[in-house]
Structure formats: C-alpha cells, structure tokens
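What follows is a set of notes on a single structure, which appears directly below.
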Amino acid sequence: MTLLYPLDAELDSDVRLQLLGKKAAGLSEMTALGIPVPPGFTITTEVGRQYRDSGTLPDGLDAAVEQALRTIEERLGRVFGNADNPLLLSIRSGAEVSMPGMMDTVLNVGLSQHTLSGLAAQRGDKRFALDGYRRLLQMYGTVVRGIRADRFQYLLSDLKTELGRPRMLDSELSASALEGLVASYLEVIEDASGAPFPQDVRTQLWDAIGAVFASWENSRAVRYRRMQGIDDAIGTACTVQAMVFGNTGPQSGSGVAFTRNPSSGERQLYGEFLPNAQGEDVVAGIRTPVALTANASRPGKEASSLEASLPEAFEAISNYCASLESHFGDMQDIEFTIEDGRPYLLQTRTAKRTAHAAVRVAVDMVKEGVLSKDDALLRVDARSLEQLLQARLPAEADLAADGIKPLAVGLPASPGAASGRIVFDADDAVRWVSEGQEVILIRQETSAEDIHGMKAAKGVITAAGGMTSHAAVVARGLGKCCVVGCGDLRIDLRERTVRLDGSRDSQLLREGDLLTLDGSTGKVYTGALDVVASATVDELRELMSWADGVRRMRVYAEADTPQAARAALSYGAEGVGLCRTERMFFAQDRLFAMRCTLLAFENEQRREWLAELERAQRDDFAEIFRAMDGRPVTIRLLDRALGEFLPHDDESFQPIADALDLELEEVIKTAERHRESNPAFGHRGIRAGLTIPGLYDMQLRAMLFAARDCTDQGLAVDLEVLIPMVSFTSEIEVLRASIDSVHRQVFTNPTSTFSCRVGAMIEVPRACLIAGEIAEHVQFFSFGGNDLTQTALGVSRDDASRFLPTYRNELGLLAGDPFTHLDEGVAELIAIALERAKPVRPQLLAGLCGDQGGSPVSIEICENLGLDFISAPLSQLPGARLAAAQARLHQKNRSGAVFGAV
Ligand code: PEP
Ligand code: MG
C-alpha cells in the first residue's frame, strides 16, 4: 500500500487522481508547474479506505508522516509544536470526484497554549495568534468531537452583545476579547465531549486526520454521492499542508478566481477578493468582497479591486491562471491566499459554468488553439443545450407579407413563442397534453392552483395582471412563453369561449381552437403559426456543425404535425423519425369522425367516417412531406388504446348516436366494449389495425395518396411506414400484403417508381426474440424505448412514478430512471434483436425512438449497440446531435487505446 506522497512528488496523472484525490492532484500539478503552493503531503485514498473499513491506520504511516513533516519544517524554517517558531497545518479531505463542501477540514492544527505566544512573536501580532487559536478550537470541536457548531456561535454572539456591539465584525474583536473567547471554547470542548482539547500537537494532527477520513461517511457526503451517482467505494485522501494566512494585514487576503467569466464565457479574469481575511471568511459571506479587476468593480469601487490595491499579486495570479488554463486545456476556478503580498494557490479545479459559457468557451478555445474540435465537443454537457434555444416566430415583416396580423396585444411577460389549442383551466391543460395535444392556457389571471396547468401548457395568456403578476413570474421561472394583461380578451368560462375584442372584426374562439403567442412582443395571433428555434448564443451553430461532422448515427425528430415538422428542421433534424398519427385525431373535428368510426355498426357507415379521416390525414401527410423536402418521414400507423378516443360523459354520446342513426344505449354499450383494464397491453397498435376493418387501409391510403400528390408535383418524398406493437410474424405478413395492395391501388401508373420502406416497431420482448423472422418482412426496425421498457420491466410507464423515485432516491436501488435513460436489460434485448436480425437482412436499418431518444446516456448505448439512428423529442434535438458526436468520440478514443496497446 502506498502511504503518502509529498505534493512535489513526480507522478503519472491517473495515479495522482486515484491515490491523491482531485484536490491534491491539482495541488501537485500546480507544484510541478512552479506555481507557489504551500508545501505539504497527501495520505492516499488506499489509507483512507483501510481506515473506513477497519478504523485502523496502516503500520509505518506514523514514520512516513514524521519524515514528510520534517521536509516541510526544513523548507519553511518552522517546527511543528515548537514554542518559539511553530509550524501550523491544514488537514483537508479530497476524493477522486469532487464533492464540494461535503467532507471536513481542520485548519491551524499545531496551535496550543504552548505555541500560541511563539506564533504571536513570529507574526508580531498577539491578536492574530488568538484568532487562529479560536478558529482551531471551533473546527476541532465540531469536526473531531462532533459538537454542534451553534454552541460556539452562541458564545461568539453573546460576547459581542456583552461588548455592546452585537453586529461587530469578528476582525474587530480585541486580543483580550479573544482571550476570553478561547477560554470559553476550551470549556465547551471539555464539557460537551468529556475530554479536554489536546495540547499535544501530534494528538491534534492524528485526531484531525482520523476525522477527515471519517467524514467520507457523514450523512451529507453519503446523500451527495447517492444523488450524483458517485461510487461509495472510492474513499477520500487526506492532505496535510502548511498554513498560509490571508489575515495578517492590508497586504493579505483570500479570494477565488475564474479564468473566464463563468456566466457569459467571456475571456477575462473574474472573481472576488476579501482583504485581510482567511478563505473560510470569503465562503461565510461575513464581509462584502471586492472584484478582482477594476473593470468588474461597482462604479466608485475600482480603487479597492485587487488589481488596483495589490497590482503585483494580481499580475502574478493572472499569470498563474493563464498557465493553468493552458495546462489543463479548460477553464479553471482557483482559490488563493495572499500572505503579506505573496500569493499562494490553494486549489484549482475545472470551473462550473452556465450552458451559455460552456458553448462559448469551447468554441473560443478551439479558435485560440488550446483545444481540438473533438475535445471541444466533449467539453459541453449535451443535456444543457435545451436551455440555449428559444422558440420564436418569423419576423413581423414576413408575417405581414403573408397577411398575418396580431389580433390582440398584451404585455410580453416571458419570452419565446408557442402555439397550441386553447384550454381554459389547468386540469384540462394537463389532460389534453396527456392526450398528445399542445395547449395554450387562457386565464383571467393565474394563482397557485394553476401551476400544474402552466407547466403542461406550451404558453400562458392572461387577461389581467402586469409584468410582476403571478402568471408572469411563474412563467419566467418555468421558461414558458407568456403574455399577460391582454385587456382585449373577453373570457366566457361557462361557454368556454374567448372573444378577442382588440381586432377590428372581433373574433370568437372556442376551446380547442388554435392560438399563437409571442411572449417576446406580447402579440397574439389566431391559428398555429410556425415556431422555429433560435440559439441564444452565437457559437452554438458552429459547435453543432462540428458535432454533425463527427457523429455516425442520424438524428431524427418526433413530429406529429406539419408545423412540428417545420420546427424540427430549425432544430437540425435530418428527418421525422416518428409521426404518431393518432395524435392527429384529437383535434375536435377529427375526434368526432374517429368516434363515429369506432362506434359504427355497419361497415358502410364506418367507411364514410373513415373517408373523412382519410381526407384530413392525406392533407396533413402531404404538408409534412413538403416541409421535409425529400428527407425521411417515418409515419407510424395508429397506436392508441381505442377507449381513449371515446367520450367520458354520457351527453357527448348523443351527437354520435344521432350521426350514426343509432339508439343512445346501443352506442354507449359499444363504447363500453372498447374500455380495457390494461389498455397499455391491450387492443392497440397492429392489433387494432388488423381487427377494425378499414382502419389501417385508410391510413395507408392517406399516406400513399399524399406521397403521390407530392411526387406528381415533382417533389421528393421519402416515406417509411412504421408498424407498432408487433408481437407475431403472422401479423406482419398480413399487414405487409395490405401495404403492397394499397400501394398498387394508389400508384396505378405503371411508370411510377415510387417505393416506401416498411418497418416494425420493436417494443415487446417477444419481438426482440423473433427479430430474425420479422426482419424477413421489413426493411427497418424502430425500437420503441417507452413500450419496450414497460414490457421488459413489467412496469407500467403511467404508474412508474409511484415507486421509482423511492427506489432511486431513498433506497438507492436504481441509479437512473429507466424511462428516461435506456436500462441495461432493455439494451440487452435490443442487442439480441440485432444479433438475430442482421444475419437475415444485413442492410436492415435500426434505431431508437421514444422519450429516451434524447438522453445522452441512451444515445451512448445506442452508439455502442451500432444503431443507425435515434429519434428525439424536438427540444432535445441539438443535445441529441451533440451526444451522438460525443458517443462516437468516446468509442473512437476507446478503440484508439486498444490499438495503442497492441
Ligand atoms: C415507444 O414506445 O417508445 C414509442 C415511441 O411509442 P409510444 O410512446 O407512442 O407508445
Ligand atoms: Mg410505443
């Protein structure tokens, strides 16, 4: 076992990280770069693990620590425990993965009644020595003896009250006041823990080392590891370092610096400095720090910035920052202390930054020659890209040129644009969205009861309220587009209508009608206007083009309407990977026809209603083909539990009975037959398609006629027909024959060369197992991650939230949500399906669709499985493009390593 390494030991960087932890690895790299770091050594994670497992420290550690201490003593000319010239130490934790603030630290170890006056003499400041001692007593008391921190804090605030200045700063306490405080702290330690504070400095040191190792198991740290998915087994190291002091006078202080602005990514040193203070005072926020640069200072405060007040130290720190950034090839966040004009760096780590800054820094660093494009792609968190896109409407001049004018104007409360169907209350918003609709919530004004509806809606509009109204504030917090105070709205909740009075010819809109909002201008339009994505950071376009150049998998979008298809292009989709046709039936006019289709007794009658649906779908499909301009469009045949199309209240059946010329009871009875106990596993997908006469033929005719309409006009169409919920090969055989027959009926011209591809959705385990047989009949597979997860795990996707959060957060049984990130077992089923299908049809294309399609974890698995495409929800598309590139790079890097080894 390796016991410890001095910070200036020469080590391989992987070994550094594993044995020393992240913080000490940074210190030792800085030491190697010649950056001033207080001398010290690190007791390894191997020792930490032994201590955690057995409560013992290895033989020989004592001697190794003594020897390492001697080296520090020789370098600094001070001696640990010496009464005249004492050396003080800091004892800190540090694991391989950073866990900020979760474990413990003890500073000023080495101070005692015996060394106190030596420190006072060394620094010429008795107050300073006493201040250090009371800090040690408090840290030792809380960290080593487990005494509650407030016992010390109460004593401190009582003392200030006694002195008549309850709000005085700690730094204003006199030496004699501190002397009294030290005495009472010593009493608290003895009183609360039953043993006095050790005056022997070696006892202090070993107590502190033990406590730092033990803090790996404190409840904060354990909870943090659970949340972040950090392995409990790795353990912490412990770094022992000479203390440096930022509280020795006006030439001293402590601060933090970012090598670039962490919120904008701009290339400028950014951070804070607290003169005449220790690092923990900066974190505690006791006094207001000053800016590092004069530029970033508040007006009038320029002269107190670090740059102006300690220019030499500032320049040195700027230079260290520059060399750290180029050494690590990434933006750093450092902690420093200046002791009597001399700067020391105490920590360097990769800086946290906003998504905006991450993209900008990555692209800038490529331009500066610091990073390669591949490395820049790996630097950005793919999940964060969603925050950087804002939906917007076409320019107002373009709208006007198309004769589109706003019908009302309110206050632009929360930016972005959205279109959807009007609903008047929050519950309806949630229900409609669960049925696949996009909605705009209209309210007179909103309150806490509306929040679930606001979350579900694409946008919110209120008749009353201002820029700080409930609706405005909540919508901004949710990142939802919102228009408030639109006085032109006259809402009639009983009739479920809204009149827009602002327009010359006032318009009456009903629940379910389409409306578009522009939250950036406050303008309101009727109908569904195209909403496109625009990046809020210029560099995103460039980063995306690099990602597109690297990735292997194609990235498609889920889009169910022509409008969504057009939006998908603005998000960079290469095609539509999943058009869920059933969602088209939820619009009011179509829903009625769908209900009549399902409830008709006579085939003849059913055909009439199907013909109506066919007309609507044909137009929609043609518009989607036009929008996608020859790119692949995968249209899935209807897949929805049929009961979900039917009304929930008896009154709504009357118009259906009238239209079908049937008795009300008969219609209600037929509807009852469509209700299922387990709709998710029932009469849906191909099962409905094969048993409800004419249903799938209608959809096939609609898509093929739409394709013919477009190709007749000379437009390119790339159609893929997708068959959902396949379980048996026989199902596919029958449907394949129908597809071919409808194709012949539609493309009667013998010179027509139009062909479409047919694919199966693989979303039940049986389909994975018989994938070889299915592959004989189709050209592509689309793995439906949502259903495959629910059928493989036997967990209903609609009820999973009842126990999965407890499994994950409280019991720690699962690292992630299997409905968000592809589960290993489900991935194994996909692997089996590919293994059985590829030998039968080597050209078979295969991809993943469903809610997991946009998750970087799932995308990585898809890359490793060798899938050809992924299909993701719209807003996740840029993230999916980046994640696909990252997955490719990870794979390349791995295979590079293998070749290297050979
Ligand atoms: C799926 O199951 O993953 C899928 C895309 O289909 P749906 O979510 O419509 O059932
Ligand atoms: Mg499905």
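Only residues that are out of contact with any Phe, Trp or Tyr (no Cβ under 7 Å at 6 or more places or on another chain) and within 13 Å of ligand 2 (Cβ to nearest atom): list them for segment 797-819, please. It would help to see each step written out before you state the result.
Step one: of segment 797-819, the residues out of contact with any Phe, Trp or Tyr (no Cβ under 7 Å at 6 or more places or on another chain) are 798-799, 801-812, 815-819.
Passing the criteria: ASP798, PHE819.
For a quick check of your reading of the model, give me the residue pairs whose first member lies in segment 663-683 and is under 17 Å from SER796 (Cα atoms) and part of a helix (DSSP H, G or I), whose second is of a type in the set (D, E, K, R) and open to solvent by less than 60 Å² (accessible area, probe 1.4 Å), with beta-carbon atoms closer than 8 Å and at least 6 apart or on different chains.
These pairs meet every condition: ALA680/ASP787.
Given segment 709-796, what helices (runs of 4 or more DSSP H) lie entirely inside it while holding 3 or more residues that are over 30 Å from GLY825 (Cβ atoms) and open to solvent by 10 Å² or more (accessible area, probe 1.4 Å)? Step through it out loud before you land on a result.
On the way: elements: 729-746, 765-769, 771-775, 785-793.
Output list reads 729-746.
Taking LEU695 as meeting all but one of (1) open to solvent by 60 Å² or more (accessible area, probe 1.4 Å); (2) within 15 Å of THR597 (Cβ to Cβ), write down the number of the exception.
In the conditions (1) open to solvent by 60 Å² or more (accessible area, probe 1.4 Å); (2) within 15 Å of THR597 (Cβ to Cβ), LEU695 misses (1) alone.
Tell me which of these GLY685 doesn't satisfy, since it passes every other one: (1) within 16 Å of ligand 1 (Cβ to nearest atom); (2) open to solvent by less than 10 Å² (accessible area, probe 1.4 Å); (3) small (Gly, Ala, Ser); (4) more than 28 Å from GLU835 (Cβ to Cβ).
Single failed check for GLY685: (4).
Can you name the residue in segment 160-197 that is part of a loop (DSSP other than H, G, I, E, B) and touching a residue at least 60 places away in the same chain (Cβ under 8 Å) and is also least open to solvent (accessible area, probe 1.4 Å) among such residues?
Going residue by residue through segment 160-197, those that are part of a loop (DSSP other than H, G, I, E, B) are 163-169, 173-174, 194-197.
Restricting the remaining residues to those that are touching a residue at least 60 places away in the same chain (Cβ under 8 Å) gives 169, 197.
Values: LEU169: 54, PHE197: 11 Å².
Of everything passing the filter in segment 160-197, PHE197 is least open to solvent (accessible area, probe 1.4 Å).
Could you list, in sequence order, the residues of segment 763-786 that are β-branched (Val, Ile, Thr) and more than 13 Å from ligand 1 (Cβ to nearest atom)? Quick ask: steps written out before the conclusion?
Quick first cut of segment 763-786, residues β-branched (Val, Ile, Thr) only: 764, 770, 774, 778.
ILE770, ILE774, VAL778, listed by residue number.
For (1) exposed (fewer than 15 other Cβ atoms within 10 Å of the Cβ); (2) in contact with a helix residue (DSSP H, G or I) (Cβ under 9 Å, 6 or more places away or on another chain); (3) hydrophobic (A, V, I, L, M, F, W, C), each residue gets a yes or a no:
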residue	(1), (2), (3)
LEU7	no, yes, yes
GLY21	no, yes, no
MET30	no, yes, yes
GLY34	yes, yes, no
SER54	yes, no, no
LEU57	no, yes, yes
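Of everything in segment 413-450, what is under 27 Å from the mean Cα position of the chain (by Cα) and part of a strand (DSSP E or B)? Give them in sequence order.
Hits for segment 413-450 are ALA413, SER414, ALA417, ALA418, SER419, GLY420, VAL439, ILE440, LEU441.
Do we have ASP281 as in contact with a helix residue (DSSP H, G or I) (Cβ under 7 Å, 6 or more places away or on another chain), buried (at least 19 other Cβ atoms within 10 Å of the Cβ) and acidic (Asp, Glu) here? Outline the logic, then answer.
Working: in contact with a helix residue (DSSP H, G or I) (Cβ under 7 Å, 6 or more places away or on another chain): no; buried (at least 19 other Cβ atoms within 10 Å of the Cβ): yes; acidic (Asp, Glu): yes.
Spelling it out, it is not the case that ASP281 is in contact with a helix residue (DSSP H, G or I) (Cβ under 7 Å, 6 or more places away or on another chain), buried (at least 19 other Cβ atoms within 10 Å of the Cβ) and acidic (Asp, Glu).
Would a scan of segment 619-636 turn up a residue that is in a helix (DSSP H, G or I), in contact (Cβ under 8 Å) with a residue 40 or more places away in the chain, surrounded by fewer than 22 Cβ atoms within 10 Å (Cβ to Cβ) and of a type in the set (A, V, I, L, M)?
For segment 619-636, residues in a helix (DSSP H, G or I), in contact (Cβ under 8 Å) with a residue 40 or more places away in the chain, surrounded by fewer than 22 Cβ atoms within 10 Å (Cβ to Cβ) and of a type in the set (A, V, I, L, M): present.
Picking from LEU822, LEU829, which residue would you name as being under 26 Å from LEU735 (Cα atoms) and either within 16 Å of ligand 2 (Cβ to nearest atom) or part of a helix (DSSP H, G or I) (or both)? So that I can check it myself, show each step before the final result.
Values: LEU822 fails: under 26 Å from LEU735 (Cα atoms).
Sole residue among the options that is under 26 Å from LEU735 (Cα atoms) and either within 16 Å of ligand 2 (Cβ to nearest atom) or part of a helix (DSSP H, G or I) (or both): LEU829.
Tell me the residue from ALA294, ALA303 that is open to solvent by 30 Å² or more (accessible area, probe 1.4 Å), assigned to a helix (DSSP H, G or I), touching a Ser or Thr at 6+ places or on another chain (Cβ under 8 Å) and at negative phi, please. It would help to see each step written out before you state the result.
Working: ALA294 fails: assigned to a helix (DSSP H, G or I).
Of ALA294, ALA303, the one residue that is open to solvent by 30 Å² or more (accessible area, probe 1.4 Å), assigned to a helix (DSSP H, G or I), touching a Ser or Thr at 6+ places or on another chain (Cβ under 8 Å) and at negative phi is ALA303.
Of the conditions (1) of a type in the set (D, E, K, R); (2) under 23 Å from PRO100 (Cβ atoms); (3) modelled with pLDDT under 90, LYS301 satisfies every one except a single condition; which number is it?
(2)
Kindly indicate which of GLY265, GLY246 is crowded, with 21+ Cβ neighbours inside 10 Å, under 30 Å from VAL366 (Cβ atoms), at pLDDT below 95 and not aliphatic (A, V, I, L, M).
Criteria check complete, one pass: GLY265.
Of the conditions (1) away from ligand 1 (no atom under 12 Å from the Cβ); (2) not in a loop (DSSP other than H, G, I, E, B), ARG841 satisfies every one except a single condition; which number is it?
It fails just one condition, (2).
What's the number of the only condition in (1) within 13 Å of ligand 1 (Cβ to nearest atom); (2) open to solvent by less than 40 Å² (accessible area, probe 1.4 Å); (3) under 22 Å from SER434 (Cβ atoms) that LEU822 fails to meet?
That leaves (3) as the condition not met.
For segment 594-616, which positions are over 16 Å from ILE668 (Cα atoms) and open to solvent by less than 70 Å² (accessible area, probe 1.4 Å)?
GLN605, ARG606, TRP609, LEU610, ALA611, LEU613, GLU614, ALA616
Which residues, taken from segment 420-461, are of a type in the set (S, T, N, Q) and in contact (Cβ under 8 Å) with a residue 60 or more places away in the chain?
Within segment 420-461, the first condition is being of a type in the set (S, T, N, Q), and the residues that meet it are 434, 437, 444, 446-447.
Selection gives GLN437 alone.
Tell me yes or no: at least one residue of segment 829-851 is of a type outside the set (S, T, N, Q), within 22 Å of ARG684 (Cα to Cα), modelled with pLDDT under 95 and buried (at least 16 other Cβ atoms within 10 Å of the Cβ).
Scanning segment 829-851 turns up at least one residue that is of a type outside the set (S, T, N, Q), within 22 Å of ARG684 (Cα to Cα), modelled with pLDDT under 95 and buried (at least 16 other Cβ atoms within 10 Å of the Cβ).
Here is a yes/no grid of residues against (1) within 21 Å of GLU582 (Cβ to Cβ); (2) hydrophobic (A, V, I, L, M, F, W, C); (3) surrounded by fewer than 22 Cβ atoms within 10 Å (Cβ to Cβ); (4) touching a Pro at 6+ places or on another chain (Cβ under 6 Å):
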position: LYS405; (1), (2), (3), (4): no, no, yes, no
position: ALA413; (1), (2), (3), (4): no, yes, no, no
position: ASP427; (1), (2), (3), (4): no, no, yes, no
position: VAL433; (1), (2), (3), (4): yes, yes, yes, no
position: ARG443; (1), (2), (3), (4): no, no, no, no
position: ALA448; (1), (2), (3), (4): no, yes, yes, no
position: ILE451; (1), (2), (3), (4): no, yes, yes, no
position: MET454; (1), (2), (3), (4): no, yes, no, no
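Output yes when any residue across segment 649-662 is within 16 Å of ligand 2 (Cβ to nearest atom) and in a helix (DSSP H, G or I), and no when none is.
Filtering segment 649-662 for residues within 16 Å of ligand 2 (Cβ to nearest atom) gives none.
No, the conditions are met nowhere in segment 649-662.
Only residues that are out of contact with any strand residue (DSSP E or B) (no Cβ under 8 Å at 6 or more places or on another chain) and within 23 Å of LEU111 (Cβ to Cβ): list them for segment 26-66, please.
Just the residues of segment 26-66 that are out of contact with any strand residue (DSSP E or B) (no Cβ under 8 Å at 6 or more places or on another chain), to begin with: 31-34, 46, 49-60, 62-63, 66.
Of everything in segment 26-66, those that are out of contact with any strand residue (DSSP E or B) (no Cβ under 8 Å at 6 or more places or on another chain) and within 23 Å of LEU111 (Cβ to Cβ) turn out to be ASP62, GLU66.
Could you run through segment 508-542 and say how many residues are open to solvent by less than 30 Å² (accessible area, probe 1.4 Å) and closer than 26 Å to ARG490 by Cα?
Filtering segment 508-542 for residues open to solvent by less than 30 Å² (accessible area, probe 1.4 Å) gives 509, 512, 515-519, 522, 524-525, 527, 529, 531, 533, 537, 540.
If we keep only those that are closer than 26 Å to ARG490 by Cα as well, we get 509, 512, 515-519, 522, 524-525, 527, 529, 531.
Residues flagged as open to solvent by less than 30 Å² (accessible area, probe 1.4 Å) and closer than 26 Å to ARG490 by Cα within segment 508-542 amount to 13.
Having 3 or more residues that are hydrophobic (A, V, I, L, M, F, W, C) is the bar; report the helices (runs of 4 or more DSSP H) wholly within segment 11-124 that clear it. Break it down stepwise before answering.
Working: elements: 21-32, 45-54, 61-76, 116-123.
Qualifying helices (runs of 4 or more DSSP H): 21-32, 61-76, 116-123.
Name the pairs whose Cβ atoms lie under 9 Å apart, with the first residue in segment 734-762 and within 16 Å of ligand 1 (Cβ to nearest atom), the second in a loop (DSSP other than H, G, I, E, B) and of a type in the set (D, E, K, R), and 6 or more positions between them or separate chains?
That search, which allows pairs on different chains as well, returns MET761/ASP639.
Give the residues of segment 856-877 that are of a type outside the set (A, V, I, L, M, F, W, C) and either at pLDDT below 95 or open to solvent by 50 Å² or more (accessible area, probe 1.4 Å) (or both), sorted by residue number.
Here is the first cut: in segment 856-877, the ones of a type outside the set (A, V, I, L, M, F, W, C) are 856, 858, 860, 863-864, 866, 868, 871, 873, 875-876.
ASN864, PRO873, SER875, GLN876, listed by residue number.
Starting from segment 341-362, take each residue that is within 22 Å of THR105 (Cα to Cα) and free of Cβ contacts under 8 Å to residues at least 40 places away in the same chain and list its partners that are open to solvent by 10 Å² or more (accessible area, probe 1.4 Å) and assigned to a loop (DSSP other than H, G, I, E, B), counting only C-beta distances under 9 angstrom and pairs at least six apart or across chains.
That search, which allows pairs on different chains as well, returns THR350/SER98; THR350/ASP330.
The values are calculated or read from the model by the stated rules, or taken from the named source; none is laboratory data. On a predicted model such as this, the values are computed, not experimentally measured, just so you know. Every residue, glycine as well, gets a Cβ built from its backbone with ideal geometry; the counts of neighbours run over all protein chains shown. Side chains included, ligands, DNA and RNA excluded: accessible areas come from the protein's heavy atoms. Shrake-Rupley method; radii C 1.70, N 1.55, O 1.52, S 1.80 Å.
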